[in-house]
1. Of Thr238, Val309, Ser284, which is farthest towards the positive pole of the chain's charge dipole, taken about the Cα centre with +1 and -1 on the beta-carbons of Lys, Arg and Asp, Glu respectively?
2. Please report the Cα spread of the range 162-240 along all three principal axes, rounded to whole Å, starting with the longest.
3. Let me see the P(r) profile for the chain: every Cα-Cα distance counted, bins of 10 Å, each bin given as a percent of all pairs.
4. Test of the criteria: in the range 63-166, which trypsin sites (Lys or Arg not before Pro) are in a DSSP loop and have at most 15 other Cβ atoms within 10 angstrom of their Cβ?
5. Running a GNM on the chain with Cα contacts under 10 Å, which residue among Ala244, Ala320, Ala208 ends up with the highest mean-square fluctuation?
6. On a 0 to 90° scale, report how tilted helix 189-200 is relative to the longest principal axis of the chain, with both axes built from alpha carbons and the result rounded to the nearest 10.
7. Once the Cα atoms of the range 200-246 are picked out, what are the Rg and Dmax in Å?
8. Taking a ≥ b ≥ c as the square roots of the Cα gyration tensor eigenvalues, with a/c under 1.5 meaning rounded and otherwise prolate when a/b beats b/c, else oblate, which class fits the range 220-347?
Amino acid sequence: MDPHTTEPEGYDVSAVEGWIADNVRGLTPPLTWTRLQGGHSNLTYRIDDSAGRAAVIRRPPQGELLPKAHDMGREWALISALGPTSVPVAPAMGFCESPDVTGAWFYVMGLIDGRPLYNSDETEAMVPMDKRQTLAWSFVDVLADLHTLDPDEIGLGDLGKKEDYVGRQLRTWFRSWTSSVDDAEYDDPRAHEMRDYLAGNIPDQGPAKVVHGDYGLHNCLIGGEGTVVAVVDWEISTLGDPLADLAYALNQWAEPNEGREGAATALPGFPKRADLAARYGEKSGRDLSMLDYYIGFNWWKTACIVHGVYARYCAGKKSAEGVDLDDLRTRVGQALDRAEKALSTLR
């Protein structure tokens, strides 16, 4: 396609390409722009130059944003700091923090030959049976490698508050639950009871580590050998409790025959969550005796998040066209069921 026939959403092509020409080595405009899907609604494009060199450019969506949403500076800081480490990320190529160029901060990173996995159809197409265990071990090993890094040593000591990660999350998401009750016309006493239990029994966090916050195969690029070749979407990454990050990743790891058919890992050939946890424990040396606490905490948090989304649809703050509201409401209860099951092992 001609690079200038369709103006990419959110980008002043001539201004951005001029900035790239002056600030990014390895790319020579004019560029061909191709929209990429995924990425938390950020405006993400593949850009190719006439010499066949390719990169990815990323900026926030247009319009008014929540204060901490779509933080390009945070993502840039993460991939820049992690580039020299064992955690695979896309190469950091250039960051523009002048909104004069195209109305928002944006950054350019190297293009990685890999694809995320969102569902079982994609897994079937991309990851043959004999590569599924390889993928699972790579997935959990990358997370363990991330959690071995000292944030201060790699320049990320100021990424966030280091103390009381779970406590802060509990306060944030319980506020979300209580403020969403009226619009959702839905409250569940278990959300309150579990919040009280979780707040009263927070395990010792230990030294704060970089936590991704949304680590799953949907935010990993999988290469041809069935391994994670890059972790993406670092915009909500912060400092905190690595076991909370692990539990979140395990909760995303669906197993066959548990009602999550269609999920990327709900297929034969993948190790179980317990196997991933055991490998993480061996690789990291961490005590996992309270892992069920973190599993329960993350399912409770998921319930709060989905409850808030459901409330916004009910209040007409988001278009509900094509959205199965009954399914959303059901998912809130299912997440609370799973939280209750995990926490019951500790009581």
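1. Final value for the positive-end residue is Ser284.
2. Reported extents, whole Å, longest axis first: 47, 33, 19.
3. Computed distribution, short to long bins: 5, 23, 31, 27, 12, 2, 0.
4. Passing sites in the range 63-166 are Lys68, Lys161.
5. Of the options given, Ala320 has the highest mean-square fluctuation.
6. Around 80 degrees separate the two axes.
7. Just the Cα atoms of the range 200-246 yield Rg and Dmax of 13.3, 46 Å.
8. Because a/c hits 1.5 or more and a/b exceeds b/c, the range 220-347 counts as prolate.
Read the figures in this text as sums done on the coordinates, not as results from a lab. Not measured: the values here are computed from a predicted model. With ideal geometry, Cβ positions are generated from the backbone for all residues, glycine too; neighbour counts draw on all protein chains shown.
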